[in-house]
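The next block holds one structure in the form of C-alpha cells; read it before the comments.
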Amino acid sequence: MTAIVTKSGLELHTSGAFAMLRRISAVVGNTLREAGRAKLFYGLLGAAVMLLGFSLVLSDLALVDQKARLVQSFGMAVVPLVCVGTAVLMGALLLHKEIDKKTLYAILPKPIARGEFIAGKLLGLCALLVIELVALALVWWAVLSMRGGQMTGPIVRGLALHVIELVLVTSIAVFFSALTRPVLSGLLTAGVFVVGRVTYVITDLLAARKGLFVEVPAMRAVGKALVVAIPDLSTFAVADPILQGWDVPWSYVASASMYGLCWALAFAVGAVLLFQRRDFT
Amino acid sequence: MRRLASGAGDTLFSPAHTTPVQVCPTMNDANSTPLSPDDAILSLDGLAKTFRVGFWGRPVQALRGVSLTMRRGESLGYLGPNGSGKTTSIKCIVGLIQASAGKVQLFGGDPGEAPRRAKVGYLPESPYFYDYLTPIEVMEYVGKLYGMSARDRAERSHKLLGQVGLDQAAKRPLRGFSKGMLQRVGIAQSLLADPELLIWDEPLSGLDPMGRKEVRDIMAALRADGKSLFFSSHVLSDIETLCDSVCILDRGQAVAQGRLSDLLRSEELESEAVAEIPSGDNRPAAIATLAALPGVVLTDLPSGVRLVLPTAQVPALMAKLLELGGFLRELNQRRDSLEELFLRKAVKRDQDGGAA
Ligand SMILES: Nc1ncnc2c1ncn2[C@@H]1O[C@H](COP(=O)(O)OP(=O)(O)O)[C@@H](O)[C@H]1O
Ligand SMILES: [Mg+2]
C-alpha cells in the first residue's frame, strides 16, 4: 500500500482495505466506549438482572419439578426482549447523538467515508449487544443452575439465533435513524420488529380462502407489501419449540443466519445511502 | 504556544530538516503569472446553497454563487458578518454539505471523496468533541482516521497538545473544558496529520485576548512554514495581519476579493492626513486648493489641516502640498476603512438591487 507522505515525512495510510478496517474499528471502539458509559444501557441491564432474580423468587412458588422450567422460560423471554429493547433505543439515538452534540462535524471531514462511519457505528452497537446478551445469558445460567436447570445445546443455539436477530434489528434501527428523528425512528423500528414477528400470520391470511386479506383488494396489497418489505423475524423466535423439547439444529441456525444477515445488509446499505445524501448544517 | 511563538528551530509545523520555503507569490506576480492548475489547491466555482426551512420548505439562499481560487501556500481570510455564509461555504469545502449549484474543487477533485481530505485539517466553528474523551484520546481517534501509526499518533499528539498549552489537561475528560480549551483541542486535532491545507472556521472567536494572541501566533507560524490557510472571521482587525488575500462575503455573495494590499490601495479606501501649510495671507487660498481635490473632506485645525480623502488621491495631495510649500505631518490608512469598503459595497448592492 502506498502511503501519503507529508512534507515533514509523516506517513498517512489511507488507501486499501486494511486502512479502511482500521478506520472502521476506530469508530467501533469509540461507539463501544460511548455506549459503555450510557445510563440507558445500565438501566436496561439492571432491569434484566432484576427480572431474572424475580424469576428465582417466583420459582419458589412453583412445584418442585417445575422450578427449573419456570426460570428457563422466564429467561428465554426476558433476555432477548431486553436486548432487542436496547437495540431499538440505542439504535435510535446512535446517529442522533452525534448530530445533536455536533461531534460528527469534526469526524466526517476526516478521510473517512460516510459508509465506513455508519459501518463502525452499526458494528459498535452490535458488539455492545453481543456483550449484553452474553452477560445476561451468564446471569441466567447462574439462576438456572441454582434451580437445577441446565444450559442445553438448543438453548445456546437459540441464543446464537438471537444474536443474528439483534444484528438485523440494529441495522433496521440505524436505517430509520439515518432517515428521521429519534422518537419516530424508534417507533418505526419497534413497529417493524413487532410486525416482523408476525408476518407469518399475514402470509397465512393471504393464503387463506376467505378473510379480510383475501376479500379486500387494498388490504391484500398492504399485506403483500408488508410480507415483502419486512423480514420474517419469527425465523429467530425459537423459544417455544425449545421449551417444548424440540431441537434447533445447526443447519437451521446457518440458514436462518444467512437470511438474517442478508436482510441486515440490505438495511445497512439503505442507511448508508440515506446518510450519504444528508447535509450536516 | 509560547515555545512556538519564539519561533526557534524545531517547531512542529516544520521539522528542522526541511527548509521552510516561501511559497507565497509576491504581490506583483499575483497579477502577471497565470495560475497553473497545480497551484490551485482549492477553488469554488459559482458555489450556491439553498436551504429549505420549515414545513413548507421555504428556500433560504445561504450562498448565491461564490467563486474563488486559493493557491498553495496562500493564507486567505474569509470575511463577512454573521450569517453571511462563511460556515456554509466551509462545510461545502470539507464535504459536510452538498452544494445546490456550482462546484468545489479540493486538490483538484471532489471533497466528497474521502482520501482527498487526508491533506486537510479542519477546525469546526466552536468545536465539539466527545466529552467523555480526554484530549489525548481525541487525538488517538483522529490519528487512526488519518491512518497514522501508533507511534506517530503518540508523538504528534504529545507535541501538539503541548504547543496549544494543554499538557496539564491532556488526561482530563473534555466534559469540564471551557470554550477556549475546546478550541485548543480543535486546533491540535486539525494539525495532527500535518495537513497541507488548514480550514479553520472562526479560529479566533470565543477566545480571550490572550488566547487570541496565542492562536494568531500559531497561525503566523503555520503561514511562515508555507502551509495554506483558509480561515473565516467576522472581525477584520483580527486577521488583517494574517492573510495574503481576503474574500469578503455578504449575504451569500463575494463582494470584494483579492490581495489585501490591493484592496487597501483601491480608490474606495480612505486615508487620513494631517498637513501643515504656511500661515499668512495665502493660507485661505491654499486651503481652498486642497479642499478642491476630489473627494476630500477638510477640517481646519489651529496647527494645520486635517484631510480625509480617498487613498488614491494621496499622491495628488502630496504634489499640491509641495507646490504650496506645506508638508505632510501624518498619514494614516483609516483603520476601519476595509470595513467601510465592505459596508459601502453592501449598500451599493442594495441600491443596484433596488434599481434593477
Ligand atoms: N440548516 C440551515 N437551515 C436554514 N438556514 C440555514 C442553515 N444553516 C445556515 N442557514 C442560513 O444560512 C445563512 C448563512 O449561515 P452561515 O453560513 O452559518 O453564516 P456565517 O458562518 O457567515 O455566520 C444564514 O442566513 C443562516 O441563517
Ligand atoms: Mg459561521
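Data table
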{"item": "Region B:72-220: C-alpha gyration tensor shape, a/c 1.5 cut-off, then a/b vs b/c", "result": "oblate"}
{"item": "Per-residue mean of C-beta atoms belonging to partner chains within 10 Å, peptide A:29-41", "result": "2"}
{"item": "Per-residue average of Cβ from other chains inside 10 Å of B:139-145", "result": "6"}
{"item": "Tensor-based shape of region A:70-181 (alpha-carbon gyration tensor, a/c under 1.5 rounded, otherwise prolate or oblate)", "result": "prolate"}
{"item": "Alpha-carbon centroid distance for the pair region A:149-201 / region B:53-80, whole angstrom", "result": "43 Å"}
{"item": "Convex hull per residue volume in Å³, alpha carbons only, for region B:2-263", "result": "140 Å³"}
{"item": "Most to least packed among B:119-132, A:44-57 [average Cβ atoms within 10 Å]", "result": "B:119-132, A:44-57"}
{"item": "Region A:1-141, relative contact order [Cα under 8 Å, separation at least 6], %", "result": "36 percent"}
{"item": "Around residue A:59: net Lys/Arg minus Asp/Glu count, Cβ-Cβ under 13 Å", "result": "+1"}
{"item": "Average Cα contact separation per residue, chain A, under 8 Å, 6 or more apart, as relative contact order %", "result": "22 percent"}
{"item": "Rounded tilt (10° steps) of A:182-207 against the dominant C-alpha axis of chain A", "result": "50 degrees"}
{"item": "Cα-based helix-to-principal-axis angle, A:114-146 vs chain A, degrees rounded to 10", "result": "30 degrees"}
{"item": "Most to least packed among B:281-293, A:13-25, B:69-81 [average Cβ atoms within 10 Å]", "result": "B:69-81, A:13-25, B:281-293"}
{"item": "0 to 90° range, to nearest 10: angle between helix A:250-277 axis and chain A longest Cα axis", "result": "40 degrees"}
{"item": "Beta bridges per DSSP with both ends in the protein assembly as shown, % antiparallel, nearest 5", "result": "70 percent"}
{"item": "By average C-beta atoms within 10 angstrom, highest first, the peptides A:81-91, B:185-195", "result": "B:185-195, A:81-91"}
{"item": "Translational diffusion of region B:38-134, µm² s⁻¹ [Kirkwood Rh, Cα pairs; Stokes-Einstein; 25 °C; 0.890 mPa s]", "result": "167 µm²/s"}
{"item": "Mean-position separation - Cα centroids, region B:129-205 and region A:217-257, in angstrom", "result": "49 Å"}
{"item": "Likely footprinting exposure, A:152, B:88, fewest C-beta neighbours within 10 Å first", "result": "A:152, B:88"}
{"item": "Per-selection metrics, the protein assembly as shown (Cα): Rg and Dmax in Å", "result": "33.2, 127"}
{"item": "Cα principal axis extents for region B:139-223, largest first, Å", "result": "36, 31, 18"}
{"item": "Compactness relative to 2.2 N^0.38 Å, alpha carbon Rg of region A:71-130", "result": "1.46"}
{"item": "Trypsin sites (Lys or Arg not before Pro) lying in DSSP loop within region A:69-160, provided at most 14 other Cβ fall within 10 Å", "result": "A:101"}
{"item": "Estimated D of region A:17-277 in µm² per second, where Rh is the Kirkwood radius over Cα pairs and Stokes-Einstein applies at 10 °C, 1.306 mPa s", "result": "80 µm²/s"}
{"item": "Rg and Dmax [Cα atoms of region B:270-334; Å; Rg one decimal, Dmax integer]", "result": "10.4, 32"}
{"item": "Average other protein chain Cβ within 10 Å of Cβ, residues A:95-107", "result": "4"}
{"item": "Alpha-carbon Rg/Rh ratio, for region B:167-300, with Rh computed the Kirkwood way", "result": "1.20"}
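Each value in this text was obtained by applying a stated rule to the coordinates, not by laboratory testing. No experiment lies behind these values; they were computed from the predicted model shown. Cβ coordinates were reconstructed from backbone atoms using ideal geometry, including for glycine residues, and neighbour counts include every protein chain displayed.
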